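Reviewing the structure listed below.
The values are calculated or read from the model by the stated rules, or taken from the named source; none is laboratory data. The shown structure was predicted, so the numbers you read here are calculated from the model rather than taken from an experiment. Positions of Cβ are backbone-derived with ideal geometry, glycine not excepted, and every protein chain shown enters the neighbour counts. Note: areas computed on protein heavy atoms with side chains; ligands, DNA, RNA excluded. Shrake-Rupley method; radii C 1.70, N 1.55, O 1.52, S 1.80 Å.
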Amino acid sequence: MSLVDPMSDTTPFFSDDNEGEGSAEKDDRPSPEQEEDSPSGLSHIRAHLTVVVLCYINLLNYMDRFTVAGVLPDIEHFFNISDGKSGLLQTVFICSYMILAPLFGYLGDRYNRKMIMCVGIGFWSVVTLASSFVGKDYFWALLLTRGLVGVGEASYSTIAPTIIADLFIKEKRTNMLSIFYFAIPVGSGLGYIVGSAVDNRAKDWHWALRVTPALGLVAVLLLVCVVKEPKRGAIEARPEHTLQRTGWLADMKALCKNLYFGIITCVTGVLGVAMGVGVSQWLRKRTPRADPLVCAAGLLLAAPFLYLSIIFAQKSTVATYFFIFFGEMFLCMNWAIVADILLYVVVPTRRSTAEAFQIVISHLLGDAGSPYLIGVVSDSLKQADSYMWQFRSLQLSLLLCSFVAVVGGAFFLATALFIEKDRQIAENYVQAGDCDRGVTPKACMLVVFPIFYKQ
């Protein structure tokens, strides 16, 4: 069948599921016993290995994103730019990511997802490496390369959760998604830690951007050698880097003195995701509205802790870290649950598109402009060019985050009113002519909610 037929399940190279990866002469399809193990067409061992690879790539994805945050002061000094301009680095990246997500969502629902991820991650690795060679007079080139990094992230983020959804169902899917989303806070913290550590050791922030590209090439090899495309929706057919010279202890002691924030992010990320999943699974036995209620509680509990962490930043470092710990932990309760909600209110053949739509709306209303907005507000509040006013203006501008967290909690409470009905409609999906009853307009509101907790 021709490549131009987007609904083909047998297209070569950009094939829909995994039908295009084999041939008649080379029978590498799963054995009948493996087929019995899982209707996805993959054995249980291969399915779990696939999740491990996807988790590694997700970890790497967020390491790269927050490596820039770890070396941002050096970047500002190197290019002699203001808070507003440095915020553009994240804004340009998010805008690229946001704009390209629908394209990859479209492709992910129609063609070979494994191949799309391989090409995207390979491109992302090359562009990230190129950004580490930008000279002092070419800040625009750094902006350009950070924007192009969004290509790789869009190709992965819209597709990986849908592969997991095609490998597992019910509580098993939720558990696998929770493991997958552990990589977000852990990767964010590691990016901050690794970026700062490499920058301090090399005395050049450019080197910090050369770590993840090498790991990205490893990711491509793992995708090629380990990951196989599961059959879309078939599972639901059943009822059922290192330091030199000094020793390891000396390195860890030095890192712990300078990188509390990165460590807190790693720990609270693991605790928050685990707590969110645990509470959600417990509450599901009592109400079908458990998922949005847990997400709402996480955001509403996080808001006061985030506010207090900002207020105490000038007076007590210990108190600041204490409140950050609990604020981040409650924020991270949402990660796996929101992904699960999105997947079970959308039919299997349109989940990549739904992931893309969620990415567009959440980043459009959230972190596409928020780094630049916070930087501009900070610059406008400065009354003198002093260290204290640099601190004070940024402190006041960050208070906006607590307010947005409360608004996010309110939206999740609203979601609880119709989540049960939307899930039933998706599970009982039928198509009549041009009228698709698989997703209701109300379900689309879900895509707005992640803007209140995403990094």
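Structural remarks
- Per-residue 3J(HN,Hα) values for segment 94-105, derived from phi via the Karplus relation 6.51 cos²θ - 1.76 cosθ + 1.60 with θ = phi - 60°, read 5, 4, 4, 4, 5, 5, 7, 4, x, 4, 6, x Hz in sequence order (x marks Gly and Pro).
- Packing, as the average of other Cβ atoms within 10 Å across residues, places the peptides 381-389, 419-427, 224-232, 157-165 in the order 157-165, 224-232, 419-427, 381-389, highest first.
- Three-way shape label, segment 180-238, alpha-carbon gyration tensor, a/c 1.5: oblate
- Sequence ranges 197-206, 144-153, ranked by mean other-Cβ count within 10 angstrom, highest first: 144-153, 197-206
- Segment 64-192 - percent of accessible surface contributed by carbon and sulfur, probe 1.4 Å: 70
- Once the chain from LYS382 to LYS421 is taken as fully extended at 0.36 nm per residue, the excess over their C-alpha distance is 9.1 nm.
- Rounded to the nearest 10 Å², the accessible area of TRP207 at probe 1.4 Å: 130
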